[in-house]
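The structure under discussion appears below in the form of structure tokens.
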């Protein structure tokens, strides 16, 4: 017997899958496939109304912060200080 159903992905779906496993259904017999289609394009800035989870600005800001902290730390070794 095969049972098919559609659900939105949430923590409740994960809990239902765990309950199925605990009831004796092997993990190899359970298949969960997301129904949402991901777009290939992404935006540079995410907004409040639409966020795809990938933002080039977030990556750039994180790298800039990391390199600034490393640069200032190494700069204290220089004779003119970290500003040089």
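The values are calculated or read from the model by the stated rules, or taken from the named source; none is laboratory data. What you are looking at is a predicted structure, and each value in this text was computed from that prediction instead of being measured. FYI the Cβ positions are ideal-geometry reconstructions off the backbone, even for glycines, and counts take in every protein chain you see.
Worth pointing out:
- Here is the figure for the stretch 5-23: residues that are surrounded by 10 or more Cβ atoms within 10 Å (Cβ to Cβ) and assigned to a loop (DSSP other than H, G, I, E, B) total 2.
- Residue 64 falls short of the stated requirement of being modelled with pLDDT of 85 or more and assigned by TED's automatic domain parsing to the domain that holds residue 3.
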